[in-house]
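The values are calculated or read from the model by the stated rules, or taken from the named source; none is laboratory data. Note that the structure is predicted; figures quoted are calculated from it, not measured. Cβ placement follows ideal geometry from the backbone for every residue including glycine, while neighbour counts extend to all protein chains displayed.
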Amino acid sequence: MGPGCGPRGEGMEKGKAYGVGVGPGDPELMTLKAVRLIKENQVFAFPGKDPKESVAYKIAVEAAPELAEKELISIYMPMTMDRDAQKKSHREGADIIEKYLDEGRNVVYLTLGDSTIYCTFSYLQKLIEEDGYETELVSGITSFCAAAARLGIPIVEWNEVMHVVPAAHKLESGLELPGNYVLMKSGSHMEEVKGILRESGRKTQMVENCGMPDEKIYRSVEEIPDEAGYFSLIIAKE
């Protein structure tokens, strides 16, 4: 749907909302397109209460220092399982972005990793499109691809299958399917996850804070600490 369409866009040019992945942590892994969009636009949205404390901001400003001089807006979406609270924060975030779009200004939402993998912009995108505005997704290097590269391993070869699982919520049944597993968001449940990995017999490696200054690499389940950060990604291979 093009700009200017829908109930709020009658008779005037509207801005476009972009969801842009900035990659996993290393500023050198940002795409040329992401850098170009930072140079060409003026309004940038980030998840959280303080844009400059966002991990996505800290990555992007290293690759495109001019971001520091742009207009930065906060889209606060608290992590909660309360569906009503989620919907409320999504609606409020979409409304903030749409105010800029109504002024004919683009809004670039910068997000860690890729804009299609567990991305907070996805929730806003649905609402913004329903309200008649144009959106565009710009891919970034995914955390699991970057982590595999740091480990120096392929995730899958030949006809192997890959399963991507948010480990904190979806490991009740273990790792029963054939193929290799990528476990994301494992940090807060690491002791439980390690037990499941041991039972699976899979060769397990983990990267914590991939591409960031405090990156750590673990080459076995035994090396992985029970306490690990939110940005901990596990690759478990048959």
Exercise for the section: Within the range 205-228, work out how many residues are under 18 Å from Ala148 (Cα atoms), under 23 Å from the mean Cα position of the chain (by Cα) and of a type outside the set (A, V, I, L, M, F, W, C). Expected result: 9
Exercise for the section: Examine the range 31-38 for a residue that is touching a Ser or Thr at 6+ places or on another chain (Cβ under 9 Å) and within 22 Å of Glu92 (Cβ to Cβ), and state whether such a residue exists. Expected result: no
Fill in the blank from the handout: Selection from the range 125-146 of residues more than 13 Å from Val20 (Cβ to Cβ) and of a type in the set (A, V, I, L, M, F, W, C) yields Leu127, Ile128, Phe144, Cys145, Ala146
Fill in the blank from the handout: Taking the range 38-95 and keeping only residues that are assigned to a helix (DSSP H, G or I) and among the hydroxyl-bearing types (Ser, Thr, Tyr), one is left with Tyr57, Ser89
Practice task
Within the range 127-136, identify whether any single residue is under 15 Å from the mean Cα position of the chain (by Cα) and outside any helix (DSSP H, G or I), and answer yes or no.
Solution key: no
Exercise for the section: Please tell me if Val165 is of a type in the set (Val, Ile, Thr) and either in contact (Cβ under 8 Å) with a residue 40 or more places away in the chain or under 21 Å from Tyr57 (Cβ atoms) (or both). Expected result: no
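Pick from the range 128-140 the residues that are over 15 Å from Ala94 (Cα atoms) and touching an Asp or Glu at 6+ places or on another chain (Cβ under 7 Å): which of them is surrounded by the most Cβ atoms within 10 Å (Cβ to Cβ)? Show your work before the answer.
Step one: of the range 128-140, the residues over 15 Å from Ala94 (Cα atoms) are 137-140.
Add one more test, that the residue is touching an Asp or Glu at 6+ places or on another chain (Cβ under 7 Å), and what stays is 139-140.
Working: Ser139: 17, Gly140: 29.
Among residues in the range 128-140 that are over 15 Å from Ala94 (Cα atoms) and touching an Asp or Glu at 6+ places or on another chain (Cβ under 7 Å), the one surrounded by the most Cβ atoms within 10 Å (Cβ to Cβ) is Gly140.
Is it the case that some residue within the range 78-87 is outside the structural domain of Ile217 (by TED's automatic domain parsing), touching a residue at least 12 places away in the same chain (Cβ under 8 Å) and surrounded by 17 or more Cβ atoms within 10 Å (Cβ to Cβ)? Steps first, answer last, please.
Pass one, the range 78-87, residues outside the structural domain of Ile217 (by TED's automatic domain parsing): 78-87.
Filter again for touching a residue at least 12 places away in the same chain (Cβ under 8 Å), leaving 86.
Then drop every residue that is not surrounded by 17 or more Cβ atoms within 10 Å (Cβ to Cβ), which leaves none.
Taking every residue of the range 78-87 in turn, none turns out to be outside the structural domain of Ile217 (by TED's automatic domain parsing), touching a residue at least 12 places away in the same chain (Cβ under 8 Å) and surrounded by 17 or more Cβ atoms within 10 Å (Cβ to Cβ).
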Problem - Among the residues listed as Glu10, Glu28, the single one being farther than 22 Å from Tyr118 by Cβ, of a type in the set (Asp, Glu) and at pLDDT below 95 - result: Glu10
Fill in the blank from the handout: Only one of (1) out of contact with any strand residue (DSSP E or B) (no Cβ under 8 Å at 6 or more places or on another chain); (2) at pLDDT 95 or above does not apply to Thr204, and that is (1)
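State whether one or more residues within the range 93-102 are in the same structural domain as Ile128 (by TED's automatic domain parsing) and farther than 19 Å from Thr120 by Cβ.
Residues of the range 93-102 that are in the same structural domain as Ile128 (by TED's automatic domain parsing), as a first pass: 93-102.
Remaining after also requiring farther than 19 Å from Thr120 by Cβ: 102.
There is at least one residue in the range 93-102 that is in the same structural domain as Ile128 (by TED's automatic domain parsing) and farther than 19 Å from Thr120 by Cβ.
Does Asp114 fit the bill of being among the charged types (D, E, K, R), surrounded by 13 or more Cβ atoms within 10 Å (Cβ to Cβ) and within 20 Å of Asp131 (Cα to Cα)?
Numbers: among the charged types (D, E, K, R): yes; surrounded by 13 or more Cβ atoms within 10 Å (Cβ to Cβ): yes; within 20 Å of Asp131 (Cα to Cα): no.
No, not satisfied.
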Practice task
Taking only the range 170-200 into account, find how many residues are of a type in the set (Gly, Ala, Ser) and touching a Leu at 6+ places or on another chain (Cβ under 9 Å).
Solution key: 2
Completion exercise
Across the range 88-107, the tally of residues that are in contact with a strand residue (DSSP E or B) (Cβ under 7 Å, 6 or more places away or on another chain) and surrounded by fewer than 24 Cβ atoms within 10 Å (Cβ to Cβ) stands at 4
